Amino acid sequence: MIDLFHVFKTFDGVTPALADVSMSVGKGELVFVTGPSGAGKSTLLRLLFAAERPTRGQVVVAGENLERMRPANVPYLRRSIGVVFQDFRLLPTRTVFENVAFPLEVRGDGRSEIERRVYRSLKEVGLVHKAYAMPPALSGGEQQRVAIARALVGDPAILLADEPTASLDPDNAREVVKLLETARIRGTTVVIATHDRALIAAMNARTVALAGGRVVSA
Amino acid sequence: MSGVFQSPARGFHLVRAHVRTALSALTRTPVLSAVSILTMSATLTLLGAHQLLSLAMESTLADLGTEARLALVLKDAVTDAARLSLAREINALDEVARVDYVSREAARDNLKKTLGAQAAVLDTLPENPLPASLEITLQSGVRGVDTLRRIASKYRAHPAVDEVVTAESAVLRLEAETTLLRISGTAIGILLILATLLLVANTIRLTVYARRDEIAIMTLCGATDAYVRTPFIIEGAIHGVIGTALATSLLFGAHFALAAPLADLISRAVGLSITLPVPSFSFVLSLLVIALAVGVVGSAISVRRFLRT
Ligand SMILES: Nc1ncnc2c1ncn2[C@@H]1O[C@H](COP(=O)(O)OP(=O)(O)O)[C@@H](O)[C@H]1O
Ligand SMILES: [Mg+2]
């Protein structure tokens with residue numbers, strides 16, 4: 001589902017954020033990308049949803065070689081990828097329902113389809129009763145669950161999570177871990193960037209460790 | 001659900017969603033919307049006023065142009081019959097509106113009138129020095145040095161004609177001025193449109209900036225550039241429509257309040273009678289077209305910067 005071949009990424013042309021990274025994630029697999037701050041974890045995820053282009057090397061996601069992908073086709077790639085961030089990235093002026101509906105709105109789903117899917121997704125994260133709340137009125141854990149509902153509402157083939165538990169207390173973190181696990185069980189390919197040892201220990205999954213932009217253990 | 005039936009439904013949902021988003025922007029960022037609309041209407045009013053004034057000046061110049069005349073100075077020996085037949089012949093020309101015979105006496109009287117207090121000088125002369133002439137006035141609409149030259153050269157060699165006097169240089173100057181007025185009018189118009197575009201693009205950029213987080217999340221969720229852009233373009237078009245409505249009301253108001261006193265002022269200051277035209281339907285329509293174009297292009301320019309992130 002995801003393949004990287006000798007990927008290099010540099011922002012200033014000198015210091016590498018990623019250097020000669022090769023890795024492969026199979027369909028339905030869950031993989032951790034770990035490493036200290038500045039190791040290149042976020043950069044790697046950003047390459048996967050085409051927010052960055054590799055300086056050198058090949059990135060293949062869902063059968064698409066991103067190097068050869070026209071910019072106009074990037075939106076269609078993103079419809080098969082859900083992304084979750086440490087800082088949730090919800091719109092504070094929209095209801096929980098509207099936030100979760102975003103991926104369906106942009107692909108032009110009809111009203112009833114949107115309602116059906118948003119409620120199903122909110123039910124999975126246990127927040128149906130908060131559908132008409134505004135995100136700032138929710139706790140951090142609840143906001144992250146809304147973000148996960150949004151990432152999964154369109155049934156993407158791939159779920160990317162960048163430090164999804166870093167701003168949560170252990171209880172809420174466990175809650176989030178459970179949801180990511182559930183997504184994997186349903187067949188979603190999941191890549192989680194984290195330096196949270198408790199999160200890694202909670203799941204029995206392969207770990208790719210980065211340091212200074214290089215894979216140090218896989 | 002087959003794809004064939006699905007796509008129009010999706011298209012309809014999209015259009016409705018875009019219009020809804022665009023309308024909600026009016027209330028979500030009311031101050032920015034108001035600034036954009038007022039900017040648009042202010043510059044459109046300027047543009048409209050400038051165009052109306054240019055139209056008025058051009059038509060005044062055109063009226064002056066019809067006074068382009070030439071005179072055939074007749075030889076003293078010309079008989080009345082020869083003079084009449086020449087006058088008739090010229091009168092039959094398509095470009096000619098009128099032929100007036102100015103007798104030697106009439107010419108002297110005219111000169112006396114022009115000289116006023118100094119007219120007594122004429123009486124000291126032993127005889128009237130002024131020749132008789134035929135004054136030719138061209139049809140309105142037929143203007144231009146070419147026509148003058150053609151008629152002049154045709155009659156210069158006529159046995160009854162002594163010489164031909166044309167106001168050629170005056171007409172040339174008038175034509176140059178009309179052309180200059182038209183060119184500078186167009187240039188100022190284009191500058192005003194560009195200024196409007198710039199101002200509107202800048203204000204719309206602020207509304208886009210206010211919604212940059214939303215745009216970032218939309219693109220993250222797989223929104224195409226067109227999807228992100230469309231509501232802003234609809235919003236720009238709405239601003240254009242409201243801006244045109246305001247500008248048109250202002251121009252009508254200004255016309256009824258100011259046209260008469262202004263025409264009076266101009267006539268007293270430079271002695272030109274000028275009629276300020278009422279904004280016509282097609283004039284308002286062209287303002288609307290410009291406003292729509294400016295709103296749409298301005299929005300498109302502004303959103304571009306926030307895409308591709
Ligand atoms: N947009 C950017 N511009 C310049 N440098 C960047 C950018 N993004 C990341 N970097 C640099 O790349 C390196 C890896 O960063 P990042 O991928 O965010 O690491 P991590 O997520 O593992 O903490 C860091 O040195 C960081 O400063
Ligand atoms: Mg990071």
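The values are calculated or read from the model by the stated rules, or taken from the named source; none is laboratory data. What you are looking at is a predicted structure, and each value in this text was computed from that prediction instead of being measured. All Cβ positions, glycine included, derive from the backbone under ideal geometry; neighbour counts span all protein chains shown. To get the accessible areas, we keep the full protein, side chains included, count just its heavy atoms, and leave off ligands, DNA and RNA. Shrake-Rupley method; radii C 1.70, N 1.55, O 1.52, S 1.80 Å.
Figures for the structure shown
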quantity	calculated
Filter result for the condition that a residue is more than 16 Å from ligand 2 (Cβ to nearest atom), among the charged types (D, E, K, R), away from chain B (no Cβ under 14 Å) and within 19 Å of A:R78 (Cα to Cα), over A:R150, A:R184, A:R174	A:R184
Number of the exception - A:D3 against (1) within 11 Å of ligand 1 (Cβ to nearest atom); (2) acidic (D, E); (3) part of a strand (DSSP E or B)	(1)
Verdict on A:Q86 being away from every other protein chain (no Cβ under 14 Å), within 13 Å of ligand 2 (Cβ to nearest atom) and either among the β-branched types (V, I, T) or open to solvent by 20 Å² or more (accessible area, probe 1.4 Å) (or both)	yes
Test: residue in the range A:106-124 that is within 19 Å of the chain's Cα centre (by Cα), closer than 24 Å to A:V74 by Cβ, at the interface with chain B (Cβ under 9 Å from one of its Cβ atoms) and open to solvent by less than 20 Å² (accessible area, probe 1.4 Å)	yes
Subset of the range A:89-104 [within 7 Å of chain B (Cβ to nearest Cβ) and open to solvent by 30 Å² or more (accessible area, probe 1.4 Å)]	A:R89
Single residue of the range A:153-171 satisfying the filter (within 14 Å of ligand 1 (Cβ to nearest atom) and surrounded by fewer than 24 Cβ atoms within 10 Å (Cβ to Cβ)) that is modelled with the lowest pLDDT	A:A166
Residue match in the range A:51-67 (condition: under 19 Å from A:I192 (Cα atoms), out of contact with any Asp or Glu (no Cβ under 6 Å at 6 or more places or on another chain) and within 16 Å of ligand 2 (Cβ to nearest atom))	yes
Filtered residues of the range B:266-288 (kept if assigned to a helix (DSSP H, G or I) and either in contact with a Leu (Cβ under 7 Å, 6 or more places away or on another chain) or surrounded by 12 or more Cβ atoms within 10 Å (Cβ to Cβ) (or both))	B:I266, B:S267, B:F283, B:V284, B:S286, B:L287, B:L288
For A:L48: the one exception among (1) within 16 Å of ligand 2 (Cβ to nearest atom); (2) open to solvent by 60 Å² or more (accessible area, probe 1.4 Å)	(2)
Which listed residue, of B:A216, B:A210, is small (G, A, S), under 30 Å from A:F85 (Cβ atoms) and either at pLDDT 90 or above or in contact with a strand residue (DSSP E or B) (Cβ under 7 Å, 6 or more places away or on another chain) (or both)	B:A216
Any hit, the range A:126-144, residues being farther than 27 Å from A:L4 by Cα and either within 16 Å of ligand 2 (Cβ to nearest atom) or within 13 Å of the chain's Cα centre (by Cα) (or both)	yes
Complete set of residues in the range A:204-217 that are farther than 10 Å from A:F32 by Cα, more than 12 Å from ligand 1 (Cβ to nearest atom) and surrounded by 14 or more Cβ atoms within 10 Å (Cβ to Cβ)	A:V215
Boolean, A:L47 is in a helix (DSSP H, G or I) and more than 11 Å from every other protein chain (Cβ to nearest Cβ)	yes
Filtered residues of the range B:222-235 (kept if assigned to a helix (DSSP H, G or I), open to solvent by 20 Å² or more (accessible area, probe 1.4 Å) and within 9 Å of chain A (Cβ to nearest Cβ))	B:D225, B:Y227
Matching residues, the range A:18-42, being within 16 Å of ligand 2 (Cβ to nearest atom) and open to solvent by 20 Å² or more (accessible area, probe 1.4 Å)	A:P36, A:S37, A:G38, A:S42
Among (1) assigned to a strand (DSSP E or B); (2) more than 23 Å from A:G212 (Cβ to Cβ) - the single one A:F97 does not satisfy	(1)
Matching option when the condition is away from chain A (no Cβ under 14 Å) and surrounded by 14 or more Cβ atoms within 10 Å (Cβ to Cβ), among B:T196, B:T186, B:T219	B:T196
Conditions (1) more than 16 Å from ligand 1 (Cβ to nearest atom); (2) within 14 Å of another protein chain (Cβ to nearest Cβ); (3) at pLDDT 95 or above: number failed by A:M69	(3)
Looking only at the range B:289-309, and only at residues there that are open to solvent by 50 Å² or more (accessible area, probe 1.4 Å) and within 14 Å of another protein chain (Cβ to nearest Cβ), the one that is nearest to A:A51 (Cα to Cα)	B:T309
